[in-house]
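Shown next, in structure tokens, is the structure this report addresses.
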Amino acid sequence: MRDNTQDKTLYRNYISKWKYMIKDYELVKRKRHPKFRFVSDFYKFHKTNRQTFLKYYHRYLSHPTEESLVPRKRGPRWKVIGVFFSQ
């Protein structure tokens with residue numbers, strides 16, 4: 001069986017998708033996009049939520065690296081196991 005732990009396909013797909021959408025979004029905002037007149041048309045076409053897109057967009061504007069376009073880890077950052085407090 002093939003070891004898929006080092007496969008970067010999802011990573012590359014996220015980056016290419018978000019870079020493409022950011023370029024389209026900026027064209028729509030400048031009113032230069034040939035297909036979309038409004039930003040709502042852009043969201044409907046790409047089947048994305050406004051809040052989700054803007055989260056990635058602003059994250060990319062503040063730090064224009066590929067890492068900012070990949071989903072971050074969720075959940076607790078640390079866990080304390082077996083600690084009980086007595087009264």
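Between the labelled values [x] 1.15; [y] 1.04; [z] 1.59, the entry that holds Cα Rg over 2.2 N^0.38 Å as derived from this structure is [z].
In loop segments of region 1-72 as defined by DSSP, the chymotrypsin sites (Phe, Trp or Tyr not before Pro) with at most 15 further C-beta atoms inside 10 Å of their C-beta are 38. Electrostatic tally near residue 15: other residues with Cβ closer than 12 Å to its Cβ, Lys and Arg +1, Asp and Glu -1, net +2.
Using the Cβ-Cβ distance between residue 44 and residue 66 with R0 = 30 Å, the FRET efficiency computed as 1/(1 + (r/R0)^6) comes to roughly 0.65. For the chain, the fraction of 1.4 Å probe accessible surface lying on carbon and sulfur atoms is 53 percent. Between the DSSP loop rule and a limit of at most 11 other Cβ atoms within 10 Å, which trypsin sites (Lys or Arg not before Pro) in region 13-73 are left? Qualifying residues, ordered by number: 30, 31, 32, 35, 37, 47, 72, 73.
The length gained on full extension between residue 52 and residue 19, counted as 0.36 nm times the residue separation minus their Cα-Cα distance, comes to 10.5 nm. In region 1-42, the inverse of the mean reciprocal separation of distinct Cα atoms equals 12.2 Å; this is its Kirkwood hydrodynamic radius.
What shape does region 24-64 take by its C-alpha gyration tensor, where a ≥ b ≥ c are the square roots of the eigenvalues and a/c under 1.5 counts as rounded, a/b above b/c as prolate, and the rest as oblate? The shape class here is oblate. Taking all protein chains into account, the per residue accessible area for region 11-56 stands at 75 Å² (1.4 Å probe).
The values are calculated or read from the model by the stated rules, or taken from the named source; none is laboratory data. A quick note: this is a predicted structure, and the numbers were derived from the prediction, not measured. For neighbour counting, all protein chains shown are included, and Cβ atoms are generated from backbone atoms with ideal geometry for every residue, glycine included. Side chains are part of the model used for accessible areas, which takes the heavy atoms of the whole protein and leaves out ligands, DNA and RNA. Shrake-Rupley method; radii C 1.70, N 1.55, O 1.52, S 1.80 Å.
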